[in-house]
Amino acid sequence: MGAIQFKRVQGGDDASIRQIVAWYFREWEVNPENTIKRLSGFPSSGFPFHLMMSVNNAPVATGGLYEHVGLLDIAPRFRIYGPWLALVFTTPENRRKGYGTLLCEEIQNRARELGLKEMFLFTHTAESLYTRMGWDLVERVHVKDRNVAVMKKDL
């Protein structure tokens, strides 16, 4: 698998932020300015946080633990839940190699170290992956023509 490193992304880490902006725009058409603003505003410790995963010094995946996710704007009743595992992305050429799982495990470990007891996520594409990782279905909701699974993981 190679040498794996996890780095916390924050303001001033322009190279990582530029890379994540490009990934998120290509994959989900996320507004670059929103991504820059969000990632630049994260604290240097504690929660929320965002990580970049590299293998042999090459960035391969990213994701974070957030207080607010877009689902909460669409379905405010989910505001009772949190924090949220969000924006997990693995480069297409590195998918199905276990990197996404390793990244999610690292995020969970850091959340546990912060004293958090549970995490939530929503997905319309990777429910089976998260189920294999021990996440439980909380509810299904229909959002923008998608069948979205809201899931929970006890830490």
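The values are calculated or read from the model by the stated rules, or taken from the named source; none is laboratory data. Values in this document were obtained by computation on a predicted structure and should not be read as measured data. Backbone-built Cβ (ideal geometry, glycine too); neighbour counts: all protein chains shown. Heavy atoms of the whole protein, side chains included, go into the accessibility calculation; ligands, DNA and RNA do not. Shrake-Rupley method; radii C 1.70, N 1.55, O 1.52, S 1.80 Å.
Over all distinct alpha-carbon pairs, what is the Kirkwood Rh of the stretch 16-55 in angstrom?
Details: mean 1/r = 0.0926 Å⁻¹.
In the stretch 16-55 this quantity evaluates to 10.8 Å.
For the chain, the calculated P(r), taken from all Cα-Cα distances in 5 Å bins from zero up to the bin holding the longest distance, is 2, 9, 19, 22, 23, 17, 7, 1, 0 percent.
Taking the Cα centre of the chain as the origin, how large is its charge dipole in debye, to the nearest 20, when only Lys and Arg (+1) and Asp and Glu (-1) carry charge on their Cβ atoms? Intermediate values should be presented prior to the final figure.
On the way: 20 positive and 17 negative charges, 26 e Å.
Using Cβ point charges on Lys, Arg, Asp and Glu, the chain gives about 120 debye.
Can you give me the angle between helix 99-113 and the longest principal axis of the chain, using Cα atoms only, in degrees from 0 to 90, rounded to the nearest 10? Result, in degrees: 80. 3J(HN,Hα) couplings calculated from phi for the stretch 83-94 with the Karplus curve 6.51 cos²θ - 1.76 cosθ + 1.60 (θ = phi - 60°) are, in sequence order, x, 10, 6, 8, 6, 6, 9, 10, 4, x, 6, 10 Hz; Gly and Pro show x. If a spin label sat at a point 7 angstrom from the Cα of W28 along the line to its beta carbon, the backbone N atoms of the stretch 74-113 nearer than 11 Å would be those of 85-90. Surface composition of the chain: carbon plus sulfur atoms contribute 48% of the solvent-accessible area (1.4 Å probe, protein chains only, all chains present). Shown in residue order for the stretch 21-27 are the 3J(HN,Hα) couplings computed by the Karplus curve 6.51 cos²θ - 1.76 cosθ + 1.60 at θ = phi - 60°: 4, 5, 4, 5, 5, 4, 7 Hz (x for Gly and Pro).
Look at the alpha carbon pairs under 8 Å that are at least 6 residues apart: their mean separation over the length of the chain gives a relative contact order of 17 percent. Amide H contacts for L155 (H built 1.01 Å from N in the peptide plane; partners 5 or more residues away or on another chain; cut-off under 5 Å): E118, M119. Backbone amide hydrogens, once placed in the peptide plane, bring V60 within less than 5 Å of M53, S54, V55, excluding anything fewer than 5 places away on its chain.
For the stretch 139-148, putting each phi into the Karplus relation 6.51 cos²θ - 1.76 cosθ + 1.60 with θ = phi - 60° gives couplings of 6, 9, 9, 8, 10, 6, 6, 10, 8, 9 Hz, in residue order, rounded to whole numbers and with x for Gly and Pro. Over the chain, DSSP H runs of length four or greater, each weighted -39,500 (n - 2.57), average out per residue to a 222 nm ellipticity of -9000 deg cm²/dmol. With R₀ set to 30 Å, the beta-carbon distance separating R112 from N56 gives a calculated FRET efficiency near 0.65.
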